[in-house]
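Presented below is the structure to which this report refers.
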């Protein structure tokens, strides 16, 4: 006679292994959790733009050039077909100039809006299949072979940048990608190339940040709160803003320094969420389940004998 | 000039033989001159204006000249079509006007006295030219009396005073620095009289005629701005209605008289045009009834002749400061509106939600209120069935409703 | 066996008040034999289903999302993702809630409602997935789900789109298997009976292992549904936006799970004239109340710790909404603490209904009513969107009523089971004309 039936042995060994795995998983989760909650930094060669609203004259040359370089049909609908007159970023407009005007005080300022190319983008964290991902030079790019059109990127983006082609059968997500398809040829995106006053310039993010801070230091009290928008907002963005008027009035939301994906990342990361936690839960549930299962099966056998009918599962 | 008894304008026109066509043309120009804000011109067509004017009594007008150049009179007489010189005397009863009246000397003085007595309290006094105030006003005398005194005397008994031209409105040329005669406008001296200022050097005649005829037809003066200028003619900057504005917006400027831009009619802002800071209607009502006959139209920058702070003070070629550099309305707002709510969908959704909640309420009512009641819900108690078990709760509460 | 076996309508049970120690009324699931599948109400549901399907297919095959919905870039998620998926799958968490209570916590009495919970959950999840399918703009790229190196495991939506179909197709189908297999026992076909004989023991053997996993999966994706709105950041009103959204959504799913099972079971008893079992219902209500209290503690604690309690009393529409929602959840929590209330059918039904409504409201609000991309943007579903949603719900109700009549789902007393067994034996033995005569009476 065997001392332990095969089943009993399997049970015990299984139980032991299960507990060990669970324990190890918890330990792993702890380590993974610490590592996954790190703050992401911009890549060393990250490029971006610096937009100085005090220099912008609202000529909209950047809007026209963006359409040309990106092969987009100008949005003439708001003007009934007369001029390119986009009212907002949309599927024909990757870059737009808007006007802030306060009739009471007469305060006005232009603002250029396009993708901010965040250092730790919410849209990239949101996209289920990495259709939106951070590519070379830190540019946030869209890959049509992976996108399922769920529009989570639109919900996640704090600046509301990605636009979806609602009325196309093959809908794309449209947003500024810093003209990466011509960056080699032209060395800079279309908008910065045609800006007559140098209100928007292109370059490496660290260089642009230094330049922006220099401008603030050179003219104290001119720039709002003497700071650069995008240096730390939402974990930092590669497109930086300088403005005389408060940023909120230009439509740039007040954001904390914490990148939102950091909040969803902590909690163990992949190992914690999808390995450790399920294993721990499974092992715990199984232990209780099997105990109750035994009771249940005994009851089933008794009732079957009593009533003569197959009991239900 | 013979003293005529004023009848209605219509009678006068009939008597003088001015053609109806000419009168209608005049009415049409009056409507163009005052697109809004002038009661007598707010009709659908010149015929209606003509009808209203024809019924009006010709107002008695006494026209005083002080430190003037007579340019404002000339602007009235130098209209070309119809020949308003003729028409004028049918529209108003010009009882005293030193330039056009036939009388002179003592007859002129008598005419003035008679006109004032006959129409006391009813005549319109038009003042052309500024009034010197220095040294007891000796610098302008009429029949030996200083202008100050004449003004108080004649304008004092007038029903309304119209100060025509920049000089009468605020001092004009004579008042430009150093103003040796102390020249001022009418409203600086007459504090409690209804005054209408029609500045300009010269102003548009239709503005003047509009005010006078309105007074004649219904006894009211048009709405005035803070400087007592009729709003229908002075409510906007020249810049806001200038035909060359598109050139300004697109950055096409004349840099020198005679250059290519000047030949093509480009904006004259860089040449010192005071359009952005001058209220007047010249940009829409040109002069002499010939289109484009006005300073900017012929390529000369506006000098701001209607504004007391501009004309004869700010150098002609000094650039004016655009007071409201508001960008054009073609820029999108920071936060445009999106989305729409379909009323049909709201209706359907509302109905469904209401139906579900209603059904839930009805269903809830069908369940028993009795604690521990395990009977089939909603089924009434059959009369023969026994109430089984030790009933702890309330007695059989009838149906399970 | 009662001679009333000859009648196809079971007698209405005499009114009886439950006493201590009396065995449950509800012993096991019994099919509803007395009612035909095709009734006028059912035809209405079929009509809704047809309309919804035609529109859904038109949208998928023929058109883009724009013409069929009122979604814009400001409100990129319409009613399908937010209602059919995020809200209705809360109602579909009955399997999780009741399953955990009965199998893990050992509340054996709840086994009788287990099948109802499973069918309901399966239907809500399946229609939720159909809604999700109608909603995605580029469904042909969904094959990326098969390539693990393309997964973004950081994304809550990936978790949902991976785990929900797996849960629905694998676990829920497996858990719903036994009632189908049971039906096949009485099949005339020998091969099928042989197949059943082979597989039934295997199902029994593997049941604990598979079903334990069936409780892990929904915990993961119900909390991921909550995590979805965390990334929306400042666009969700601070009264709702919190890093604790995953836990709150999960606990709320349990609340709605219990509530939905109560509502479904009681409504079914009302419609198909089954007696109630206050012990089981009371237990469900008790569990629901506990879970609701736990949720309230978490929710209010979170709002207070984040310092947002002042917003609740700001008397703007969000503050009022928060107060309404919290009150609506608190009422069932408190009322169901009283044993006498738990024994009263009307109270239990009403409170469960309220808990469900408040629960789906809570899960729905952060995605729409408290989602403020900025002034000037509005959204209300378009007519096709509403009709497709109604079609999906019609599927749930319609298929549930079919399932209830074909399979042993609804719990009933033992007498009913005996009637049903007789009924089945007669059906399988009798000729066709006989079966026709007996089968369809109302």
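The values are calculated or read from the model by the stated rules, or taken from the named source; none is laboratory data. Note that the structure is predicted; figures quoted are calculated from it, not measured. Here Cβ is always computed from backbone atoms with ideal geometry, including for glycine, and neighbour counts include all displayed protein chains.
Quick look at the values:
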{"quantity": "Residue check for residue C:100: assigned to a helix (DSSP H, G or I) and modelled with pLDDT under 90", "calculated": "no"}
{"quantity": "Yes/no for residue A:255 being modelled with pLDDT of 90 or more, in a helix (DSSP H, G or I) and facing another protein chain (nearest Cβ under 9 Å)", "calculated": "no"}
{"quantity": "Options B:297, B:304; residue that is touching a residue at least 24 places away in the same chain (Cβ under 8 Å), within 24 Å of the chain's Cα centre (by Cα) and outside any loop (DSSP other than H, G, I, E, B)", "calculated": "B:297"}
{"quantity": "Residue check, residue C:29 within 10 Å of chain A (Cβ to nearest Cβ), within 19 Å of the chain's Cα centre (by Cα) and in contact (Cβ under 8 Å) with a residue 40 or more places away in the chain", "calculated": "yes"}
{"quantity": "Region B:155-188, residues that are touching a strand residue (DSSP E or B) at 6+ places or on another chain (Cβ under 6 Å), more than 22 Å from residue B:76 (Cα to Cα) and not in a strand (DSSP E or B)", "calculated": "B:175, B:181, B:182, B:187"}
{"quantity": "Considering residues of region C:169-184 that are over 10 Å from residue A:313 (Cα atoms) and surrounded by 22 or more Cβ atoms within 10 Å (Cβ to Cβ) only, the residue nearest to the other protein chains (Cβ to nearest Cβ)", "calculated": "C:171"}
{"quantity": "Qualifying residue in region B:252-265 (condition: under 22 Å from the mean Cα position of the chain (by Cα) and at pLDDT 90 or above)", "calculated": "no"}
{"quantity": "Single match in C:348, C:334 (criterion: out of contact with any strand residue (DSSP E or B) (no Cβ under 7 Å at 6 or more places or on another chain), assigned to a helix (DSSP H, G or I), facing chain B (nearest Cβ under 10 Å) and more than 18 Å from residue C:225 (Cα to Cα))", "calculated": "C:348"}
{"quantity": "Only one of B:216, B:226, B:233, B:246 that is free of Cβ contacts under 8 Å to residues at least 12 places away in the same chain and part of a helix (DSSP H, G or I)", "calculated": "B:246"}
{"quantity": "Residue within region C:249-271 that is touching a strand residue (DSSP E or B) at 6+ places or on another chain (Cβ under 6 Å) and either at pLDDT below 90 or more than 11 Å from chain A (Cβ to nearest Cβ) (or both) present", "calculated": "no"}
{"quantity": "Residue A:178 at pLDDT 95 or above, within 26 Å of residue A:57 (Cα to Cα), under 22 Å from the mean Cα position of the chain (by Cα) and not in a strand (DSSP E or B)", "calculated": "yes"}
{"quantity": "The one condition in (1) crowded, with 22+ Cβ neighbours inside 10 Å; (2) outside any loop (DSSP other than H, G, I, E, B) that residue C:274 fails to fulfil", "calculated": "(2)"}
{"quantity": "Scope region C:394-424; condition within 12 Å of another protein chain (Cβ to nearest Cβ), surrounded by 22 or more Cβ atoms within 10 Å (Cβ to Cβ) and outside any loop (DSSP other than H, G, I, E, B); matching residues", "calculated": "C:394, C:411, C:412, C:416"}
{"quantity": "Among the residues listed as C:226, C:213, the single one being facing chain A (nearest Cβ under 9 Å), over 28 Å from residue C:398 (Cα atoms) and outside any loop (DSSP other than H, G, I, E, B)", "calculated": "C:213"}
{"quantity": "Positions within region C:70-97 being closer than 19 Å to residue B:337 by Cα, in contact (Cβ under 8 Å) with a residue 24 or more places away in the chain and either within 8 Å of chain A (Cβ to nearest Cβ) or not in a loop (DSSP other than H, G, I, E, B) (or both), in sequence order", "calculated": "C:71, C:72, C:74, C:77"}
{"quantity": "Members of region A:137-161 that are on the phi < 0 side of the Ramachandran plot, in contact with a strand residue (DSSP E or B) (Cβ under 9 Å, 6 or more places away or on another chain) and in contact (Cβ under 8 Å) with a residue 40 or more places away in the chain", "calculated": "A:139, A:158, A:159, A:161"}
